[in-house]
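For reference, the structure is listed below as structure tokens.
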Amino acid sequence: MPIQHARHVNLRAVLTQLQREGLAGYEEQAQHLGTISGPQLAAMDQGAPIEASFAAQVEWALHRRRGWMDELHGDDPLEA
């Protein structure tokens with residue numbers, strides 16, 4: 001499913017960004033993103049489906065536009 005693929009790629013990029021900013025581990029990252037637990041975040045990072053409601057929460061928490069999680073961003077300057 002293309003949307004799930006994009007969400008997983010973007011989640012991995014988000015988690016890498018959060019780690020660079022000092023939020024290490026799924027518990028801290030989940031707390032920052034809100035609405036889920038560390039184990040739920042770990043499951044999604046390892047391939048579990050990412051629901052639209054969580055994708056929207058990530059977009060809100062990181063000040064990204066609606067639908068950002070559903071698209072690939074290879075040329076996005078925010079990803080550099």
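Read the figures in this text as sums done on the coordinates, not as results from a lab. Model, not experiment: these values are computed from the prediction. Reconstructed Cβ throughout: ideal geometry from the backbone, glycine too, with neighbour counts over all protein chains shown.
Suppose we look only past 14 Å in the calculated P(r) of the chain. What percent of the Cα-Cα pairs does that tail hold? Counting every Cα pair in the chain, those more than 14 Å apart make up 58 percent. Rounded to the nearest whole Hz, the Karplus-based 3J(HN,Hα) values (6.51 cos²θ - 1.76 cosθ + 1.60, θ = phi - 60°) of segment 22-39 follow the sequence x, 9, 9, x, 4, 4, 5, 5, 5, 4, 5, 6, x, 6, 9, 9, x, x, with x at glycine and proline.
Placing +1 on each Lys and Arg Cβ and -1 on each Asp and Glu Cβ, with no other charges, gives the chain a dipole about its Cα centre of roughly 80 debye.
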